[in-house]
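Please read the structure below before turning to the comments.
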Amino acid sequence: MLYSSRLRINRNRRMNLAARIHRIRTSAKLSQSRLAEKIGVHPSAVAQWEHPARSRPTTKNLAKLAVVCE
């Protein structure tokens, strides 16, 4: 039971991060490709970050994201 609740919490955190990245990008009126270009990553990386079950950005890339989307 405890494992199941931890798994659910991790999924919710991932979904929240993915949704926040998407919201920040769209509010800055950037496409995934344009954001990727500004941060210096491949456009598929941004797409994966915005999908809750995929990879998450590194701390370094999160910092770049924050600067680009200010």
Check: Of the conditions (1) surrounded by fewer than 16 Cβ atoms within 10 Å (Cβ to Cβ); (2) in contact with a Phe, Trp or Tyr (Cβ under 7 Å, 6 or more places away or on another chain), ARG20 fails just one. Which one is it?
Finding: (2)
Check: Among the residues of the stretch 15-45, which ones are small (Gly, Ala, Ser) and part of a helix (DSSP H, G or I)?
Finding: ALA18, ALA19, SER27, SER33, ALA36, SER44, ALA45
Checklist line | Inter-residue pairs, beta-carbon under 6 Å, first hydrophobic (A, V, I, L, M, F, W, C) and in the stretch 19-37, second surrounded by 15 or more Cβ atoms within 10 Å (Cβ to Cβ) and in a helix (DSSP H, G or I), 6+ apart | finding: ILE21/TRP49; LEU35/ARG25; LEU35/VAL46; ALA36/VAL46
Next item on the list: Filter the stretch 46-65 for residues that are open to solvent by 60 Å² or more (accessible area, probe 1.4 Å) and assigned to a helix (DSSP H, G or I) and give the result.
Entry: GLN48, THR59, LYS60, LEU62, LYS64
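The values are calculated or read from the model by the stated rules, or taken from the named source; none is laboratory data. Note that this is a predicted model, so its numbers are computed, not measured. For neighbour counting, all protein chains shown are included, and Cβ atoms are generated from backbone atoms with ideal geometry for every residue, glycine included. Protein only, heavy atoms only, side chains kept; ligands, DNA and RNA dropped before computing areas. Shrake-Rupley method; radii C 1.70, N 1.55, O 1.52, S 1.80 Å.
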